[in-house]
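The values are calculated or read from the model by the stated rules, or taken from the named source; none is laboratory data. As the structure is a prediction and not an experimental result, all values here were calculated from the model. We place every Cβ from the backbone using ideal geometry, glycine too, and count neighbours over all the protein chains shown.
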Ligand code: 9MR
């Protein structure tokens, strides 16, 4: 049994009694009851919370999250479609619970997200007769949305993913409805609006495949231009939906360095490591992509073989070594979910597979990868 696993088990058993013995060295070690505590001098460790966890008030999951993480992101409940299915219809239930939970546990609360091409009702882009809305009218809608959403949680949300995924993998603008109707300055406008509504929130541009050189260069160029124009952007989110085989940590490092170099903070916003056979060469997080299910594409239904588990642990270790090396540039490392049972990767890009991308297993127990990450901080 590794030292970290022993420390973990011992901590779970004796933390409560030892916490009172403040100056005792053993008590100090036992205070580190979750991975967040092991990394507290480096960066925050976060997770995404699902809508069902919030609405069901899933105490098992919420207890685990409170013990292990000190930053939270709503996996879906603040996106346009779920929170505002129709123009005048808002559903605040899950989002309010999310913010309350974060406040109660003193967490760094991330809002996700204000402007995205996905999970947005198509009527947002239509006028009353069903035609395409004008640029001015869409600008007003964007303003209204940001004012209501960021305004409701003003002073409570520490960071906003203001714009999500505006850039294609080939290093060009994504031709979203936002882009087509408002032009490329929809991004700068969204940041200015968010800053006006909540001047203390840290504002982030968030994207995936940021390790791809052409995409990285494009994003760096965009942010540099924004900074020059005084657009209030303070951070860039690297989603880090990675695979067990790639991309290389060298490319991840180049992105961290390039962003730090232009004066923005780096946030790892949606980390997970896909262990299943890859069925594509397409962007890893393009949510519209789907493939057919076949048994060969779902090889680990009965459990993850030891050697794959070891490979996963090693992959996480290599990735975290790079984050630690650049801890001065990184504010937060957020996992995209807590347990393997709830990951979006069980259904993407093929529905109904059994994936193992996170730190906790389907029974809510820490996996060997979790202990490997504690070992890095021994
Ligand atoms: O994890 C989210 C999943 O439950 C949703 O069905 C999906 C659809 O939009 O969005 C997932 O989260 C995405 C995140 O909001 C933005 N980056 C990519 C994430 C994975 O698709």
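Tell me, please, whether a residue that is within 16 Å of the ligand (Cβ to nearest atom), within 18 Å of the chain's Cα centre (by Cα) and closer than 29 Å to residue 250 by Cα can be found in region 323-333. Don't jump to the end; show me each part of the working.
Filtering region 323-333 for residues within 16 Å of the ligand (Cβ to nearest atom) gives 332-333.
From what's left, within 18 Å of the chain's Cα centre (by Cα): 332-333.
Narrowing the set further to residues that are closer than 29 Å to residue 250 by Cα leaves 332-333.
Yes: region 323-333 contains one or more residues that are within 16 Å of the ligand (Cβ to nearest atom), within 18 Å of the chain's Cα centre (by Cα) and closer than 29 Å to residue 250 by Cα.
Of 378, 367, which residue is modelled with pLDDT under 95 and in contact with a helix residue (DSSP H, G or I) (Cβ under 8 Å, 6 or more places away or on another chain)?
On the way: 367 fails: modelled with pLDDT under 95.
The conditions single out 378.
Any idea which of (1) surrounded by fewer than 17 Cβ atoms within 10 Å (Cβ to Cβ); (2) not in a helix (DSSP H, G or I) is the one residue 354 doesn't satisfy?
Condition not satisfied by residue 354: (1).
Which residues, counting only those in region 198-217, are assigned to a helix (DSSP H, G or I), crowded, with 20+ Cβ neighbours inside 10 Å and either away from the ligand (no atom under 16 Å from the Cβ) or at pLDDT below 95 (or both)? Outline the logic, then answer.
If we filter region 198-217 for residues that are assigned to a helix (DSSP H, G or I), which is where we start, we get 213-217.
With crowded, with 20+ Cβ neighbours inside 10 Å added as a condition, the list becomes 215-216.
Passing the criteria: only 216.
Look at residue 143 and say whether it is part of a helix (DSSP H, G or I), in contact with a strand residue (DSSP E or B) (Cβ under 8 Å, 6 or more places away or on another chain) and modelled with pLDDT of 95 or more. Break it down into steps so the answer makes sense when it comes.
On the way: part of a helix (DSSP H, G or I): yes; in contact with a strand residue (DSSP E or B) (Cβ under 8 Å, 6 or more places away or on another chain): no; modelled with pLDDT of 95 or more: yes.
No; evaluated as a whole, the condition is false for this residue.
Do you know which of the residues in region 291-300 that are part of a loop (DSSP other than H, G, I, E, B) and surrounded by 13 or more Cβ atoms within 10 Å (Cβ to Cβ) is modelled with the lowest pLDDT?
Quick first cut of region 291-300, residues part of a loop (DSSP other than H, G, I, E, B) only: 291-294, 298-300.
Filter once more, so that each one left must be surrounded by 13 or more Cβ atoms within 10 Å (Cβ to Cβ): 291, 298-300.
Details: 291: 81, 298: 95, 299: 96, 300: 98.
Of everything passing the filter in region 291-300, 291 is modelled with the lowest pLDDT.
If I ask for residues that are under 22 Å from residue 58 (Cα atoms) and buried (at least 19 other Cβ atoms within 10 Å of the Cβ), which ones from region 326-345 would you list? Show your work before the answer.
Narrowing region 326-345 to residues under 22 Å from residue 58 (Cα atoms): 334-345.
Of everything in region 326-345, those that are under 22 Å from residue 58 (Cα atoms) and buried (at least 19 other Cβ atoms within 10 Å of the Cβ) turn out to be 334, 335, 336, 337, 338, 339, 340, 342, 343, 344, 345.
Of everything in region 175-197 that's away from the ligand (no atom under 16 Å from the Cβ) and not in a helix (DSSP H, G or I), which residue is surrounded by the fewest Cβ atoms within 10 Å (Cβ to Cβ)?
Checking each candidate, the answer is 175.
Conditions: (1) at pLDDT 95 or above; (2) away from the ligand (no atom under 16 Å from the Cβ); (3) touching a helix residue (DSSP H, G or I) at 6+ places or on another chain (Cβ under 7 Å). Residue 277 meets all but one. Number of the miss?
All conditions are met except number (1).
Wholly within region 24-126, which helices (runs of 4 or more DSSP H) include no fewer than the required count, namely at least 3 residues that are within 16 Å of the ligand (Cβ to nearest atom) and surrounded by 14 or more Cβ atoms within 10 Å (Cβ to Cβ)?
Working: elements: 25-31, 35-38, 51-55, 59-68, 80-83, 93-104.
Result: 51-55, 80-83, 93-104.
Checking the structure you have, find out if any residue of region 221-237 is closer than 21 Å to residue 337 by Cα and within 16 Å of the ligand (Cβ to nearest atom). Give the derivation first.
Filtering region 221-237 down to residues closer than 21 Å to residue 337 by Cα leaves 236-237.
Keeping just the survivors that are within 16 Å of the ligand (Cβ to nearest atom) gives 236-237.
Yes, some residue in region 221-237 is closer than 21 Å to residue 337 by Cα and within 16 Å of the ligand (Cβ to nearest atom).
When you look at residue 366, is it touching a residue at least 24 places away in the same chain (Cβ under 8 Å) and within 14 Å of the ligand (Cβ to nearest atom), yes or no? Steps first, please.
Details: touching a residue at least 24 places away in the same chain (Cβ under 8 Å): yes; within 14 Å of the ligand (Cβ to nearest atom): no.
Criteria not met by residue 366.
Select from region 129-140 the residues that are touching a residue at least 40 places away in the same chain (Cβ under 8 Å) and not in a loop (DSSP other than H, G, I, E, B) and write down the one among them that is farthest from residue 85 (Cα to Cα).
Ranking the qualifying residues of region 129-140, first place goes to 135.
Check residue 63 against each of (1) in contact (Cβ under 8 Å) with a residue 40 or more places away in the chain; (2) out of contact with any strand residue (DSSP E or B) (no Cβ under 8 Å at 6 or more places or on another chain) and name the one condition it does not meet.
In the conditions (1) in contact (Cβ under 8 Å) with a residue 40 or more places away in the chain; (2) out of contact with any strand residue (DSSP E or B) (no Cβ under 8 Å at 6 or more places or on another chain), residue 63 misses (1) alone.
Any residue in region 265-273 that is under 20 Å from the mean Cα position of the chain (by Cα) and part of a helix (DSSP H, G or I)?
As a first pass, look at region 265-273 and keep what is under 20 Å from the mean Cα position of the chain (by Cα): 265-273.
Those left that are additionally part of a helix (DSSP H, G or I): none.
No: zero hits.
Starting from residues that are part of a loop (DSSP other than H, G, I, E, B) and surrounded by 21 or more Cβ atoms within 10 Å (Cβ to Cβ), keep the ones in region 161-174 and report whichever is nearest to the chain's Cα centre (by Cα).
Of region 161-174, the ones part of a loop (DSSP other than H, G, I, E, B) are 165-166, 168-172, 174.
Then drop every residue that is not surrounded by 21 or more Cβ atoms within 10 Å (Cβ to Cβ), which leaves 165-166.
Working: 165: 13, 166: 16 Å.
Across region 161-174, the extreme among qualifying residues is 165.
Among 337, 303, which is the only one that is in a loop (DSSP other than H, G, I, E, B) and within 13 Å of the ligand (Cβ to nearest atom)?
Values: 303 fails: within 13 Å of the ligand (Cβ to nearest atom).
Result: 337 is the single residue among 337, 303 that is in a loop (DSSP other than H, G, I, E, B) and within 13 Å of the ligand (Cβ to nearest atom).
Name the residues in region 54-66 that are touching a helix residue (DSSP H, G or I) at 6+ places or on another chain (Cβ under 6 Å) and farther than 12 Å from residue 364 by Cβ, would you? If you could, list the steps in order and put the result at the bottom.
Narrowing region 54-66 to residues touching a helix residue (DSSP H, G or I) at 6+ places or on another chain (Cβ under 6 Å): 54-55, 61.
Those that are touching a helix residue (DSSP H, G or I) at 6+ places or on another chain (Cβ under 6 Å) and farther than 12 Å from residue 364 by Cβ: 54, 55.
Pairs only if they're at least six apart or on different chains, beta carbon under 6 angstrom, first in region 235-259 and in a helix (DSSP H, G or I), second crowded, with 21+ Cβ neighbours inside 10 Å; list them, first residue then second.
251/211; 252/211; 255/210; 255/211; 255/216; 256/266; 259/236; 259/266
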